[in-house]
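The values are calculated or read from the model by the stated rules, or taken from the named source; none is laboratory data. Just so you know, these numbers come straight off a predicted model, no measurement behind them. Methodologically, a virtual Cβ is constructed for each residue, glycine included, from the backbone with ideal geometry; neighbour enumeration extends over all protein chains shown. Side chains included, ligands, DNA and RNA excluded: accessible areas come from the protein's heavy atoms. Shrake-Rupley method; radii C 1.70, N 1.55, O 1.52, S 1.80 Å.
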Amino acid sequence: MVPAVTALRDRHPGLSIIMEEREPAEVRELLDRDEIDIGIVYDLSLVPRGIPATAYHEVPMELAVAAADDRPPEEIIADPATTWITNSRSSDDDRLVHHVTARYDINPGIGHHADSLDLVVHLIAAGLGAALVAADGPRRPDVRHLPLDGLAGTRRSYALTRPGRETWPANAAVISAVAASGGPAPPGTDVPGDRRRRRGRSPS
């Protein structure tokens, strides 16, 4: 959202955007009540939410562990002593960890819950656990990010509006800018000038 809003500010100084961080379910409720114009939300491909839109960006999920842990990912996942770090505001991460460890017949131990991705990687660096994170998330030199070759699926991003409003000029401008900042822009989303106020909402 940050690079998208920065680009829109430069291109369309009359377009006002207000961002508020919410969980995806809360974003859907705000859209239903017509309290926001756009919701930028995500889901996990192995824990789908049935979002009524086409994802504009998709990145693989990786295993993040402390740099001192030099084991292969399969060994870490299959180790019943592995402590897992998951999201504090949603159960999706917990479900994903259970899904991934189930193939090794492991009942995973969820040791910490944190909402901030920066805090998650800080906990990992301190040797306090492992996490399944999107490949485009924050990184530290003391944290290893291990590819899982699809084992943990992907994180998918969506732009939502009320039905029919995705083509409104200001909404289309915002959606196009967000898509361009994180992946290919969806077709047919030109970026015209429009001075209406947009009440943008971002993912957690």
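Right, residue 138: open to solvent by 20 Å² or more (accessible area, probe 1.4 Å) and in contact (Cβ under 8 Å) with a residue 60 or more places away in the chain or not? No.
When the range 53-66 is limited to residues that are modelled with pLDDT of 95 or more and open to solvent by 40 Å² or more (accessible area, probe 1.4 Å), the one that is nearest to residue 158 (Cα to Cα) turns out to be 58. With respect to residue 49, is the statement that it is touching a strand residue (DSSP E or B) at 6+ places or on another chain (Cβ under 6 Å), basic (Lys, Arg) and either modelled with pLDDT under 95 or not in a loop (DSSP other than H, G, I, E, B) (or both) true? When the stated conditions are applied, residue 49 passes them. Taking each residue of the range 92-121 that is under 13 Å from residue 82 (Cα atoms) and looking for partners that are open to solvent by 60 Å² or more (accessible area, probe 1.4 Å) and modelled with pLDDT of 95 or more with beta-carbon atoms closer than 6 Å, six or more apart or interchain, yields 106/80.
Condition first: of a type outside the set (Ser, Thr, Tyr), surrounded by fewer than 16 Cβ atoms within 10 Å (Cβ to Cβ) and within 19 Å of the chain's Cα centre (by Cα). Can you find one or more residues in the range 126-133 that meet it?
Of the residues in the range 126-133, the ones of a type outside the set (Ser, Thr, Tyr) are 126-133.
Narrowing further to those that are surrounded by fewer than 16 Cβ atoms within 10 Å (Cβ to Cβ): 126-128.
If we keep only those that are within 19 Å of the chain's Cα centre (by Cα) too, we end up with none.
Checking the range 126-133: not a single residue is of a type outside the set (Ser, Thr, Tyr), surrounded by fewer than 16 Cβ atoms within 10 Å (Cβ to Cβ) and within 19 Å of the chain's Cα centre (by Cα).
Residues in the range 28-45 that are more than 13 Å from the chain's Cα centre (by Cα) and under 19 Å from residue 89 (Cβ atoms): 28, 29, 30, 31, 36. Count of the range 1-52 residues, restricted to those that are without any contact (Cβ under 8 Å) to a residue 12 or more places away in the chain, acidic (Asp, Glu) and either closer than 21 Å to residue 96 by Cα or open to solvent by less than 70 Å² (accessible area, probe 1.4 Å) (or both), is 1. Within the range 53-91, the set of residues being under 18 Å from residue 116 (Cβ atoms) and without any contact (Cβ under 8 Å) to a residue 12 or more places away in the chain comprises 91 only.
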